[in-house]
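Let me give you the structure first, and then I'll get to my questions.
Where a number appears in this text, it was derived from the coordinates with a stated rule and is not lab data. Since this is a predicted model, take the numbers as computed values, not measurements. Cβ placement follows ideal geometry from the backbone for every residue including glycine, while neighbour counts extend to all protein chains displayed.
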């Protein structure tokens, strides 16, 4: 079990590093995008990059909340709040991984409608993921700032 968690953790670190080193300038745009698609793609990736930069903070917050919980000095209600916050952080983390897994480049996309409409839908989804990340980190800070 620990080996599997280590592998998942290493994969996550490698994705974080690769995303951190990527810029979304015109040289990084996928080939074959129209001007409108390029515009939406740039916006979408800017939100992705901003949210992705917070993934390490999510992991640190989870660890901190688990450490606070394991100290055993808090009330049952407080511990329940910690559990809820940890679950929200994990949900936000999973949301990002899920979005990245399902996001399709134009060469891999074969959906209905236009690729532009697909990108616009994906932009809405990544905004939702980013909001979830921000909300989870904000909620966790209510507990970590008391430490």
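For a footprinting-style exposure proxy, rank 109, 97 by other Cβ within 10 Å, fewest first. Don't skip to the answer; put the middle values down first.
Working: 109 12, 97 15.
By the 10 Å Cβ count, ascending: 109, 97.
Let me ask another. Subtract the Cα-Cα distance of residue 57 and residue 145 from 0.36 nm times their separation in residues, and report this length gain in nm to one decimal.
Full extension of this stretch gives 30.3 nm more.
Provide 115, 41 in ascending order of the number of other Cβ atoms located within 10 Å of each residue's Cβ, fewest first.
Going from least to most buried by this count: 115, 41.
Determine, for 47, 107, the number of other Cβ atoms within 10 Å of each Cβ, and report the residues in order from fewest to most.
Final ranking by Cβ density, sparse to dense: 107, 47.
If I stretch the segment between residue 77 and residue 98 completely, what's the gain in nm (0.36 nm per residue apart, minus their alpha carbon distance), one decimal? Spell out each step's value before the answer.
Details: separation 21, 0.36 × 21 = 7.56 nm, distance 3.11 nm.
Taking 0.36 nm per residue and subtracting the Cα distance, the gain is 4.5 nm.
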